[in-house]
2 protein chains.
Amino acid sequence: MADQTDLPDEVALLWGLREAPRKGPKPSLTAGDITRAAIELADAEGLAAVSMSRVAAQLGNSTMALYRHVKSKDELLTLMLDAALEEPPDLPGDTDWRSGLTLWTHGVLAAIKQHPWYAQLPLGGPPVGPQNLAWFECALAALSRTALEEHEKVGVVMGLLTYVHGQVRLSSALAAGYAKNPDAFSRQYAAVLTRVVDPRRMPALGKVLAAGVFDVDSLLEEQDADADFDFGLTLYLDGLAGFLATRTPSTVSAPSP
Amino acid sequence: MADQTDLPDEVALLWGLREAPRKGPKPSLTAGDITRAAIELADAEGLAAVSMSRVAAQLGNSTMALYRHVKSKDELLTLMLDAALEEPPDLPGDTDWRSGLTLWTHGVLAAIKQHPWYAQLPLGGPPVGPQNLAWFECALAALSRTALEEHEKVGVVMGLLTYVHGQVRLSSALAAGYAKNPDAFSRQYAAVLTRVVDPRRMPALGKVLAAGVFDVDSLLEEQDADADFDFGLTLYLDGLAGFLATRTPSTVSAPSP
DNA sequence: CCCCTTCTGCGTATGAGATACGCTCAAAAG
DNA sequence: CTTTTGAGCGTATCTCATACGCAGAAGGGG
């Protein structure tokens with residue numbers, strides 16, 4: 001249980017820094033095994049299927065055995081959030097910030113899409129796990145040659161991160177709703193809203209409905225979702241570009257006169 | 001149970017469109033009462049405190065009585081997501097899109113801040129409840145005089161919405177972490193990261209840490225959080241402004257020559 | 001005016017699920 | 001070989017959501 005450093009338990013666990021036990025039976029499980037099993041379960045059957053007993057069953061152990069390696073289910077979820085991530089993209093040092101961030105954001109999107117449950121878990125503040133930090137570093141590195149202040153860089157990266165999470169969350173909520181009850185679902189949006197919305201009281205919404213934006217097909221179309229994703233991302237990066245232009249009209253990291 | 005129209009139950013409930021029962025005892029509860037009680041509870045003790053029995057106790061009824069008015073806890077949560085919202089701001093018809101959206105976004109932020117649990121619930125796709133739709137309409141109206149296509153408007157509004165949710169989620173996760181364990185928390189970020197991050201492998205992160213961005217004080221400072229919020233919002237709106245400028249160099253909604 | 005239908009409130013029961021506690025025994029240290 | 005430490009895990013609690021079915025109220029129809 002004790003760790004070599006005086007780090008909080010959870011952090012030590014994330015970094016695998018617990019000292020090896022000297023005595024006693026060999027552990028037949030490790031926190032890593034448990035985390036992997038939990039991720040497999042979540043991938044296969046969704047986050048709701050991840051219960052301590054299910055995970056234990058997956059590993060052929062009893063429920064309580066897990067608690068020797070993981071303090072609580074919450075801690076397990078934290079571990080999952082780090083372990084599910086692959087290596088961040090390796091951006092050449094001279095990549096310009098815009099293509100770097102674009103690549104990065106799409107990388108995050110791809111990573112999360114492989115684990116749809118990922119976006120359902122709340123972002124627990126700035127990252128602490130090794131993989132999360134590696135990704136964070138990657139994005140910060142893309143911004144390193146810009147004139148942003150450090151806290152602004154962090155803000156931008158967190159903004160992008162919440163953007164990706166938000167979009168994924170949205171589309172998976174949609175997909176889940178559809179999977180659960182295709183019939184009710186197809187009536188849910190376009191049709192139902194048309195019934196409920198009075199175009200006189202809500203003209204803008206009326207126009208949207210008339211344009212068919214909420215039709216089931218267009219909501220579920222993968223391509224449209226991707227296009228929307230890129231549209232929003234472009235807006236955000238355009239905004240950043242404009243900001244950088246005003247701050248550094250010509251050179252990089254020049255102080256204002 | 002039956003509704004006047006052929007709307008799905010949940011929607012009918014949201015809009016209060018269930019026909020009044022003819023026979024039987026008068027209901028001593030309404031779905032609205034239940035929703036209100038649940039919201040009070042969530043406000044006072046957090047979302048985790050909202051259990052069917054707690055809500056029932058709040059109302060002086062038994063647990064199962066609630067199920068006469070609400071199909072499931074999920075449905076109750078959906079109702080809460082609509083009922084917790086106040087009226088959207090009333091934007092004059094000639095408000096320009098930018099101030100309109102700024103006002104709107106801050107309105108959403110303020111609304112959510114009054115109910116910190118709000119951002120913890122997943123956005124269940126496009127809105128269906130009356131209040132949610134009113135807010136949605138409000139944002140769309142702000143964009144009505146722009147040259148955006150309808151689906152782009154929706155994308156922008158959803159983008160703003162997820163942005164707000166994401167920011168709130170983040171800062172409340174932070175606040176919760178701090179409230180739970182101030183000591184461990186203050187060591188969590190700056191100090192811990194400094195220990196764990198090798199500045200040679202992660203130079204960009206190293207600079208951020210050195211700048212003190214992750215110091216506990218600055219993370220929890222309300223002002224900083226607000227400034228960050230506005231910073232991100234400005235970027236996004238700047239991007240949108242740029243996009244609109246390229247699409248309509250001079251006039252509004254003019255087709256390209 | 002009485003009875004029948006329809007609904008309400010609610011007691012009871014079921015089945016998860018998380019997790020505290022403490023026992024037993026293995027294995028390494030001495 | 002004995003002592004110490006920690007692994008695996010059985011058992012027991014508690015909290016929840018929710019299915020089911022009963023009893024009695026309130027109108028409606030005769």
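I'd like the full set of residues that are more than 12 Å from residue A:163 (Cβ to Cβ) and either without any contact (Cβ under 8 Å) to a residue 60 or more places away in the chain or not aliphatic (A, V, I, L, M) (or both), limited to the range B:156-169.
Narrowing the range B:156-169 to residues more than 12 Å from residue A:163 (Cβ to Cβ): B:156-157, B:168-169.
Of everything in the range B:156-169, those that are more than 12 Å from residue A:163 (Cβ to Cβ) and either without any contact (Cβ under 8 Å) to a residue 60 or more places away in the chain or not aliphatic (A, V, I, L, M) (or both) turn out to be B:157, B:168, B:169.
Which of the residues belonging to the range B:140-170 are over 13 Å from the mean Cα position of the chain (by Cα), more than 8 Å from chain A (Cβ to nearest Cβ) and not β-branched (Val, Ile, Thr)? Before you say what the answer is, go through the steps one by one.
Residues of the range B:140-170 that are over 13 Å from the mean Cα position of the chain (by Cα), as a first pass: B:140-156.
Remaining after also requiring more than 8 Å from chain A (Cβ to nearest Cβ): B:142, B:145-148.
Scanning the range B:140-170 gives B:142, B:145, B:147, B:148.
Test residue B:12 against the criterion of being crowded, with 17+ Cβ neighbours inside 10 Å, at pLDDT 95 or above and away from DNA strand C (no atom under 12 Å from the Cβ), and give yes or no.
Values: crowded, with 17+ Cβ neighbours inside 10 Å: yes; at pLDDT 95 or above: no; away from DNA strand C (no atom under 12 Å from the Cβ): yes.
For residue B:12, the condition - crowded, with 17+ Cβ neighbours inside 10 Å, at pLDDT 95 or above and away from DNA strand C (no atom under 12 Å from the Cβ) - is not met.
Consider residue A:45 carefully, then state whether it is more than 9 Å from DNA strand C (Cβ to nearest atom), in contact with a Lys or Arg (Cβ under 9 Å, 6 or more places away or on another chain) and closer than 22 Å to residue A:119 by Cβ.
Details: more than 9 Å from DNA strand C (Cβ to nearest atom): yes; in contact with a Lys or Arg (Cβ under 9 Å, 6 or more places away or on another chain): yes; closer than 22 Å to residue A:119 by Cβ: yes.
Taking the combined requirement at face value, the residue satisfies it.
Among the residues of the range A:79-86, are any away from DNA strand D (no atom under 16 Å from the Cβ), surrounded by 16 or more Cβ atoms within 10 Å (Cβ to Cβ), closer than 23 Å to residue A:236 by Cβ and in contact (Cβ under 8 Å) with a residue 12 or more places away in the chain?
Yes, the range A:79-86 contains a residue that is away from DNA strand D (no atom under 16 Å from the Cβ), surrounded by 16 or more Cβ atoms within 10 Å (Cβ to Cβ), closer than 23 Å to residue A:236 by Cβ and in contact (Cβ under 8 Å) with a residue 12 or more places away in the chain.
Which of the helices (runs of 4 or more DSSP H) contained wholly in the range A:130-230 include at least 2 residues that are more than 30 Å from residue B:225 (Cα to Cα) and at pLDDT below 95?
Values: elements: A:130-142, A:150-180, A:182-186, A:192-196, A:203-210, A:216-220.
Once the helices (runs of 4 or more DSSP H) in the range A:130-230 are filtered for at least 2 residues that are more than 30 Å from residue B:225 (Cα to Cα) and at pLDDT below 95, what remains is A:150-180, A:182-186, A:192-196, A:203-210, A:216-220.
Assess whether residue B:134 counts as being surrounded by fewer than 22 Cβ atoms within 10 Å (Cβ to Cβ) and within 9 Å of another protein chain (Cβ to nearest Cβ). Working first, answer last.
Details: surrounded by fewer than 22 Cβ atoms within 10 Å (Cβ to Cβ): yes; within 9 Å of another protein chain (Cβ to nearest Cβ): yes.
Here the answer is yes, as residue B:134 does meet what is asked.
For the range B:106-122, does any single residue satisfy the condition of being within 9 Å of chain A (Cβ to nearest Cβ), surrounded by fewer than 22 Cβ atoms within 10 Å (Cβ to Cβ) and not small (Gly, Ala, Ser)?
Checked the range B:106-122: at least one residue is within 9 Å of chain A (Cβ to nearest Cβ), surrounded by fewer than 22 Cβ atoms within 10 Å (Cβ to Cβ) and not small (Gly, Ala, Ser).
Mind checking which residues of the range B:54-97 are within 13 Å of DNA strand C (Cβ to nearest atom), away from chain A (no Cβ under 14 Å), in a helix (DSSP H, G or I) and within 23 Å of residue B:9 (Cα to Cα)? Show your work before the answer.
Going through the range B:54-97, the residues within 13 Å of DNA strand C (Cβ to nearest atom) turn out to be B:55-71, B:73.
So of that shortlist, the ones also away from chain A (no Cβ under 14 Å) come out as B:55-70.
Right, trim to in a helix (DSSP H, G or I) and you get B:55-59, B:63-68.
Those that are within 13 Å of DNA strand C (Cβ to nearest atom), away from chain A (no Cβ under 14 Å), in a helix (DSSP H, G or I) and within 23 Å of residue B:9 (Cα to Cα): B:55, B:56, B:63, B:64, B:65, B:66, B:67, B:68.
The values are calculated or read from the model by the stated rules, or taken from the named source; none is laboratory data. What you see is a predicted model, and the numbers here were worked out from it, not measured in a lab. Note that we place each Cβ from the backbone using ideal geometry, even for glycine, and neighbour counts take in every protein chain shown.
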